[in-house]
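The values are calculated or read from the model by the stated rules, or taken from the named source; none is laboratory data. Every value quoted in this text rests on a predicted model; they were computed, and no experiment measured them. Ideal geometry is used to build each Cβ from the backbone, glycine not excepted, and the neighbour counts take in all protein chains shown. Ligands, DNA and RNA are stripped out before the accessible areas are found, and what is left, the full protein with its side chains, is counted by its heavy atoms. Shrake-Rupley method; radii C 1.70, N 1.55, O 1.52, S 1.80 Å.
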Amino acid sequence: MVQMTGELQLKLEEKKGRTIAKDAYFQGALKVMRPIYLDDSGQVCYYILNPGGGYLDGDRYKMQFALEKQARATITTQSSTKVYKTPNDHAYQEAEIIIKDGSYLEYLPDPLIAYRDAKYKQKNVFRMDRTSALLYSDIITPGWCPEGKHFSYESVQLINEMYMDEELVVYDHLKLTPSKQELHGLGYMEGYTHLGSMFIIGEKVDNSLIDRLYEAIYENTDDYKVGLSKLPIPGVTIRIVANSTQLLEQLFSKCHLLITEEWFETKPSFLRKY
Amino acid sequence: MTKSLLSLFQLCDSNFPTGAFSHSYGMETYIQEDKIFDQYTFLQWLTVYVNEQLVYSDGLACRIVYEALKDGRQAQIWEMDRLLTVQNLPRESREGTKRIGEGMLKLVQSLYDIPLLATYTEKIRNKEAYGHPAIVFTIVGHHLGVSSESTILYYLYSVVSSLVQNAVRAIPLGQTAGQQVIQQFQDTLLDATEKIKTIDPDDFGIVSPGLELAQMQHERVGIRIFMS
């Protein structure tokens, strides 16, 4: 068996109108902070943190979140995921996210920052059913290096697999390898530096909701470019290229607000981190 | 040229009526934004489209399906049919590809008696499969005894020749310019075929962000002559 650098399991259930942990387990370089209730909706919020501060050569992380009947949760990170240089072996994180029986998850990790010569692979496997709902986002920054050069990492690879009633319905695969690609150019990042993706899945996602999301975030501007499209299941994927994390977060917040207002008649709480 | 190559070549003709003439796979978005406006900029987009999307989806699928046909592993063919469809996140490209796949399937069944094609049709009717041109093409190539490598190369060529015809109409380019692109692109197609032979199956479905974004944006492009 592979030795895990960090492992985390979180099983959540709904009890008397509040979502609580049925089971929580973590070891190594992954930790979850105590649950926070940001409003009176009963929705729980968990912050994941990496006590080591970043991912290193050959690191292996494994997470599992399971939401049982009617559970509602926000899971985020305490700060960005930093991947330092990986001279020998890539860093890898795998997450299995199980959302069933009317449960709802907002999984909103902070941006990914890959340092010079870093190699990172991430795989998320979402297992849902027709009654559950998901809001997921990720942001890939151009990374960091002492000279300030963009895209100095070796490679960043993100995979999202989504299963609806055990059937694969979405396979999202992105791999950026700056040394082998003209990342700034046409067809790649189109001259932008940051890439954001959001998935909104749930029975209530229809064409009219997709139009409203588009109206909420579309602008005829050179500051960013947005595309969104209906998935083969009730759901939508949104991609945005821009030049800053802040701008992507603002745009995703607008989507988040629209969804929580329409679905739960609540406003999303500000995720205090600093 | 052998008879079987000639037979497969019929499917590569841009006049082969599969409906590919009505799909641009995001190229029209770039045309509307004045980023593709001549032979050079079109060639630039086409190179990225083939090397950063097509090889990891349709191209790799041709290879895997061909191997599955050789070894009689039918289940893997249907798995690739699903993967090809669900990795295609832009709705217009996904639905358009399915329509082309179904069109091609129907047409080749009037030309060849291949039991597997009937099975494929049946599965699509029962909603157990979606339909994809790369799979139909590979089944025919394998049936004709054309090698895996040539089947892949010819498939890529068929996609490119349709896109060039579409670019000639949409940009517009002269017919001569179109033919120059097809000629200049021959080495790229040979390189792409070589690359497909060595791609790790785990790299299936990789797509570069800009191409995909343009395919999604196409849904909201004002004046359009293509369905994707």
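Observations on the structure shown:
- Any chance B:Leu43 is farther than 18 Å from B:Leu163 by Cα and either within 14 Å of another protein chain (Cβ to nearest Cβ) or open to solvent by less than 20 Å² (accessible area, probe 1.4 Å) (or both): no
- Verdict on A:Ile113 being hydrophobic (A, V, I, L, M, F, W, C), at pLDDT 95 or above and touching a Pro at 6+ places or on another chain (Cβ under 6 Å): no
- Scan of the stretch A:234-248 for residues that are farther than 20 Å from A:Leu174 by Cα and either touching a Ser or Thr at 6+ places or on another chain (Cβ under 9 Å) or of a type outside the set (A, V, I, L, M, F, W, C) (or both), ordered by number: A:Pro234, A:Gln246
- Only one of B:Leu107, B:Leu116, B:Leu84 that is assigned to a helix (DSSP H, G or I) and more than 27 Å from B:Gly26 (Cα to Cα): B:Leu116
- Check on A:Asp222, modelled with pLDDT of 95 or more, out of contact with any Phe, Trp or Tyr (no Cβ under 8 Å at 6 or more places or on another chain) and over 22 Å from B:Trp45 (Cα atoms): no
- Restricting the stretch A:162-204 to residues that are of a type in the set (D, E, K, R), closer than 27 Å to A:Asp117 by Cα and within 9 Å of another protein chain (Cβ to nearest Cβ), the residue that is most open to solvent (accessible area, probe 1.4 Å) is A:Glu182.
- Members of the stretch A:94-106 that are surrounded by fewer than 23 Cβ atoms within 10 Å (Cβ to Cβ), within 19 Å of A:Leu158 (Cβ to Cβ) and not β-branched (Val, Ile, Thr): A:Glu94, A:Ala95, A:Glu96, A:Glu106
- Looking only at the stretch A:207-217, and only at residues there that are within 13 Å of chain B (Cβ to nearest Cβ) and without any contact (Cβ under 8 Å) to a residue 40 or more places away in the chain, the one that is farthest from B:Asp200 (Cα to Cα): A:Glu215
- Any hit, the stretch A:228-235, residues being open to solvent by 10 Å² or more (accessible area, probe 1.4 Å), touching a strand residue (DSSP E or B) at 6+ places or on another chain (Cβ under 9 Å) and assigned to a strand (DSSP E or B): yes
- Listed conditions (1) basic (Lys, Arg); (2) open to solvent by 60 Å² or more (accessible area, probe 1.4 Å); (3) under 18 Å from the mean Cα position of the chain (by Cα) are all met by A:Arg239, apart from (2).
- Where a residue in the stretch B:200-228 is within 14 Å of B:Asn51 (Cβ to Cβ) and its partner, wherever it lies, is in a loop (DSSP other than H, G, I, E, B) and not aromatic (Phe, Trp, Tyr), with Cβ under 7 Å and at least six apart: B:Ser208/A:Gly187; B:Gly210/A:Leu186; B:Gly210/A:Gly187; B:Gly210/A:Met189; B:Gly210/A:Glu190; B:Leu211/A:Gly187; B:Leu211/B:Gly26
- Filtered residues of the stretch A:112-121 (kept if surrounded by fewer than 21 Cβ atoms within 10 Å (Cβ to Cβ) and part of a loop (DSSP other than H, G, I, E, B)): A:Arg116, A:Asp117
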